Amino acid sequence: MDAWEELVTSALLGTDRKPPAGSAGDTAAVALLDAAAVHTVRRRAGLRPGPAAAPLEAAPEDGRRPLPDAARRRLAQLLAGRAAPAPSGGRRGAAPDLAELLPQWLAAANEHGYRAPAAALPALLDAARARTDLRPQALAFAGPRGLWLARLNPEWKFALRGAGGGGALPDPHDGDAVLALWEEGLFAERVALLSAVRAQDPARGRELLASTWGEERAEDRLMFLDSLRAGLGPADEEFLEAALSDRSRNVRATAAELLSALPASALAARMAERAASCVSLDRTEGAERIVVEAPHECDAGMRNDGVVPTPPTGRGERSWWLGQLVEAAPLDCWPRRFGGRGPEEIVALPVTDDWRGELHAAWCRAAVRQRNADWSRALLGSPAAPQATGPGTSSLAERAQLLSTLPAEERAAWVASFIAAHGLSEAFQLLGVCAVPWAEPLGRAVVDALDIARDAGSYPWSFSGVMGLAERCLSPSAAPQLAALTALPAEAEDASPGAGGYWSEAFRRLVSTLELRASMHAELVSP
């Protein structure tokens with residue numbers, strides 16, 4: 001037993017039972033510690049240095065311009081605010097929520113072409129790790145140096161997925177480099193490469209996919225096929241038609257969905273013929289109405305064109321098949337079917353035997369898939385109409401999807417009118433598809449509705465979702481108009497206790513957030 005082991009034994013047994021050599025009594029413990037200190041220094045001094053690690057590869061250059069000083073300080077504040085603990089008791093107070101402003105700041109910084117400060121990269125990667133919705137903008141801002149850094153920490157591996165394994169993707173026009181990565185790269189690298197090539201040259205992206213299509217696994221074929229949504233056009237039809245005979249049902253279904261988004265495709269024509277055979281105009285009994293005769297079977301031709309034969313639980317087979325046929329048929333086939341009527345006139349026609357909901361829901365899906373604004377308008381109807389009696393659908397989720405096909409100004413105007421007629425309680429999903437910052441009529445409608453809710457004596461947290469959206473989406477120019485709402489109102493007899501104070505606090509937070517957003521954007525445009 002060497003001297004160090006002797007000391008360890010004394011420490012474990014106690015100096016009363018085994019005092020260190022040359023000591024005894026009350027001084028044994030001190031002698032043990034002194035000896036341990038001496039031996040610790042001796043052991044460290046005797047260590048032989050290990051071989052030097054290979055030097056790290058230098059971080060790549062980032063040619064983007066640096067942030068202005070004020071914007072750099074703001075980024076540090078937002079990143080620190082992201083990690084700050086939530087207010088106690090769930091009450092948010094009047095201070096802006098910095099974590100919710102970080103996505104907006106990153107998007108603006110990327111639009112201006114700034115590069116991330118090196119010192120901010122670790123916090124930026126941590127923020128992106130914690131929030132998946134933040135990753136696209138955060139990783140774009142972090143740039144090649146962020147990906148270089150991510151390779152050094154396993155907790156940041158997420159940043160390497162879909163980013164060429166941590167390095168930059170080859171130039172889509174560099175044929176040899178693109179082909180080499182496509183043939184030898186990892187799956188994530190290949191998905192990212194196909195998307196990049198497809199964005200620059202849709203035909204080249206399709207050719208790249210076709211070159212290895214037969215060798216890919218079914219799950220990979222599905223992911224690659226989904227990449228064709230970007231830049232989808234008539235030239236893709238031949239490839240997609242071939243994919244309809246794929247071994248994988250999911251691949252066939254995706255190919256059929258993509259083909260149905262091409263109104264001039266052969267599949268769209270086949271679906272139009274099938275759908276038209278199920279839906280017709282009845283002129284008997286003095287009134288025109290739509291008659292539906294849903295398919296009685298899902299034949300081989302339908303299955304070959306991507307119709308899924310087995311319905312979900314609780315859904316009838318015939319309505320399931322009908323819905324798939326109608327949503328895959330090009331919408332321009334219906335005016336011909338209904339005597340030249342336009343979408344609004346067709347949607348207004350009565351439908352027999354309770355098929356209206358099924359038929360209109362399928363038209364809604366078709367309008368979204370084909371990005372058809374005319375049909376979306378018809379199916380949305382008037383925003384002032386009661387939801388249960390309007391055309392199309394009463395589903396707010398489907399209405400939000402229909403709105404996404406309209407121009408931004410028209411979308412904002414429709415939602416503003418909806419809020420004016422129905423209030424805010426059902427508007428959250430619809431507000432989520434409106435362009436940011438909100439157009440002036442929409443912003444005014446939201447503020448007016450919040451003011452009405454306050455006067456009605458409700459608590460502001462009943463509208464916390466809309467309040468959060470308003471903080472992020474209202475134009476900062478609206479802040480002066482909101483100042484009057486920050487005052488503490490006199491409490492009405494029938495109001496909820498303390499509601500006035502909570503509303504004052506909520507409006508003060510809204511105003512301070514808008515002012516902060518104005519400062520953020522000004523700092524990013526400073527020279």
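Values computed for the structure shown
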quantity: Count of segment 148-158 residues which are farther than 20 Å from G113 by Cβ and open to solvent by 30 Å² or more (accessible area, probe 1.4 Å); calculated: 7
quantity: Some residue of segment 169-187 being at pLDDT 80 or above, open to solvent by 70 Å² or more (accessible area, probe 1.4 Å) and under 26 Å from the mean Cα position of the chain (by Cα); calculated: yes
quantity: Odd one out for A522, checked against (1) assigned to a helix (DSSP H, G or I); (2) of a type outside the set (K, R); (3) modelled with pLDDT of 90 or more; (4) surrounded by 14 or more Cβ atoms within 10 Å (Cβ to Cβ); calculated: (4)
quantity: Qualifying residue in segment 119-131 (condition: more than 30 Å from E471 (Cβ to Cβ) and surrounded by fewer than 20 Cβ atoms within 10 Å (Cβ to Cβ)); calculated: no
quantity: Residue check, E440 within 23 Å of W503 (Cα to Cα) and touching a residue at least 60 places away in the same chain (Cβ under 8 Å); calculated: no
quantity: Subset of segment 249-261 [within 12 Å of L228 (Cβ to Cβ) and either open to solvent by 20 Å² or more (accessible area, probe 1.4 Å) or not hydrophobic (A, V, I, L, M, F, W, C) (or both)]; calculated: T254, E257, A261
quantity: Residues that are open to solvent by less than 50 Å² (accessible area, probe 1.4 Å) and under 15 Å from A119 (Cβ atoms), drawn from segment 135-147; calculated: F141, A142, G143, G146
quantity: Qualifying residue in segment 318-335 (condition: touching a residue at least 24 places away in the same chain (Cβ under 8 Å), hydroxyl-bearing (S, T, Y) and surrounded by fewer than 18 Cβ atoms within 10 Å (Cβ to Cβ)); calculated: no
quantity: Residues (open to solvent by less than 100 Å² (accessible area, probe 1.4 Å) and either in a loop (DSSP other than H, G, I, E, B) or among the acidic types (D, E) (or both)) located in segment 13-51; calculated: G14, T15, K18, P19, P20, G22, S23, A24, D34, G46, G50
quantity: Filter result for the condition that a residue is touching a residue at least 40 places away in the same chain (Cβ under 8 Å) and hydroxyl-bearing (S, T, Y), over S227, S245; calculated: S245
quantity: Residue among L208, L232, L262 that is assigned to a helix (DSSP H, G or I) and either farther than 26 Å from A300 by Cβ or in contact with a helix residue (DSSP H, G or I) (Cβ under 9 Å, 6 or more places away or on another chain) (or both); calculated: L208
quantity: Residue identified as under 17 Å from D62 (Cα atoms) and not hydrophobic (A, V, I, L, M, F, W, C) among G214, G143, G175, G205; calculated: G143
quantity: Flag if G501 is open to solvent by less than 70 Å² (accessible area, probe 1.4 Å) and more than 30 Å from the chain's Cα centre (by Cα); calculated: yes
quantity: Answer from L406, L402, L474 - the residue that is of a type in the set (A, V, I, L, M, F, W, C) and over 19 Å from A385 (Cβ atoms); calculated: L474
quantity: Condition met for R270 (farther than 22 Å from V347 by Cβ, assigned to a loop (DSSP other than H, G, I, E, B) and open to solvent by 60 Å² or more (accessible area, probe 1.4 Å)); calculated: no
quantity: Selection from segment 238-259 of residues that are in a helix (DSSP H, G or I) and in contact with a helix residue (DSSP H, G or I) (Cβ under 6 Å, 6 or more places away or on another chain); calculated: F239, L240, A243, N250, V251, T254, A255, L258, L259
quantity: Condition check for L125: at pLDDT 90 or above and either under 17 Å from Q77 (Cα atoms) or among the aliphatic types (A, V, I, L, M) (or both); calculated: yes
quantity: Selected residue (only one of R411, R444, R517 is outside any loop (DSSP other than H, G, I, E, B), open to solvent by less than 10 Å² (accessible area, probe 1.4 Å) and of a type outside the set (F, W, Y)); calculated: R517
quantity: Residues satisfying the stated conditions in segment 218-248, i.e. of a type outside the set (D, E, K, R), farther than 20 Å from Q200 by Cβ and surrounded by fewer than 16 Cβ atoms within 10 Å (Cβ to Cβ); calculated: A218, A242, S245
quantity: Matching residues in segment 340-360 - criterion: being at negative phi and out of contact with any helix residue (DSSP H, G or I) (no Cβ under 7 Å at 6 or more places or on another chain); calculated: E345, A348, L349, P350, T352, W355, R356, G357
quantity: Single condition P136 does not satisfy, out of (1) under 30 Å from L75 (Cα atoms); (2) of a type outside the set (G, A, S); (3) more than 22 Å from the chain's Cα centre (by Cα); calculated: (3)
quantity: All helices (runs of 4 or more DSSP H) inside segment 282-386 with 2 or more residues being at pLDDT 90 or above and under 26 Å from A413 (Cβ atoms); calculated: 343-348, 356-369, 373-380
quantity: Tally of residues being part of a loop (DSSP other than H, G, I, E, B), open to solvent by 70 Å² or more (accessible area, probe 1.4 Å) and more than 22 Å from Q104 (Cβ to Cβ) across segment 414-441; calculated: 2
quantity: Selection within segment 396-408 - assigned to a loop (DSSP other than H, G, I, E, B) and either open to solvent by less than 40 Å² (accessible area, probe 1.4 Å) or in contact with a Lys or Arg (Cβ under 9 Å, 6 or more places away or on another chain) (or both); calculated: S404, T405, L406
quantity: Failed criterion for G113 (all others in (1) modelled with pLDDT of 90 or more; (2) under 30 Å from A499 (Cα atoms) hold); calculated: (2)
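The values are calculated or read from the model by the stated rules, or taken from the named source; none is laboratory data. Everything numeric here is computed off the predicted structure, so don't read it as measured data. Ideal geometry is used to build each Cβ from the backbone, glycine not excepted, and the neighbour counts take in all protein chains shown. Protein only, heavy atoms only, side chains kept; ligands, DNA and RNA dropped before computing areas. Shrake-Rupley method; radii C 1.70, N 1.55, O 1.52, S 1.80 Å.
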